[in-house]
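Below: one structure, written as structure tokens.
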Amino acid sequence: MKQPFSFPLALLLALGAGPCGAQSLRDPTQPPGMGSPAGAGAPERSTSPGWSVIVVDGRAHLAVGTRLYAEGQMLDRARIERITETEIWLREDRHLRKVALYPSVQRRSAVEKP
């Protein structure tokens, strides 16, 4: 008498019917650390505005979307006072505010060992 199912077919069906424990894939268009891994609580909030610094002809520019802003130009209601590789200084009225491009990265000088 011929069996209706073979053992390998039954094994494949049993393994395929169970729940999968795979993680969701990370969005490749977002920088690392923007989202939370699968299974974690609420998504991570980033304080970085998602801006970039681009140097054109030796002068630093702030890239916001598809527009470039140089020092002295207005970004909404704030004037760009200074652009460095890690932070942007904005002045609104009399208030000067520093916006860190990479808030989780800290820059400090290396200490020489004696």
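Some notes on this structure:
- Subset of the stretch 71-96 (residues that are in a strand (DSSP E or B) and in contact (Cβ under 8 Å) with a residue 12 or more places away in the chain): LEU75, ALA78, ARG79, ILE80, GLU81, ILE83, GLU87, ILE88, LEU90, ARG91, GLU92, LEU96
- Checking LEU25 against (1) of a type outside the set (Phe, Trp, Tyr); (2) more than 24 Å from LEU96 (Cβ to Cβ); (3) at pLDDT below 75, the condition it does not meet: (3)
- Residue in the stretch 78-88 that is open to solvent by 100 Å² or more (accessible area, probe 1.4 Å), under 17 Å from VAL53 (Cα atoms), at pLDDT below 90 and among the basic types (Lys, Arg) present: no
The values are calculated or read from the model by the stated rules, or taken from the named source; none is laboratory data. Treat the numbers as computed from the prediction; the structure is a model and nothing was measured. Backbone-built Cβ (ideal geometry, glycine too); neighbour counts: all protein chains shown. Note: areas computed on protein heavy atoms with side chains; ligands, DNA, RNA excluded. Shrake-Rupley method; radii C 1.70, N 1.55, O 1.52, S 1.80 Å.
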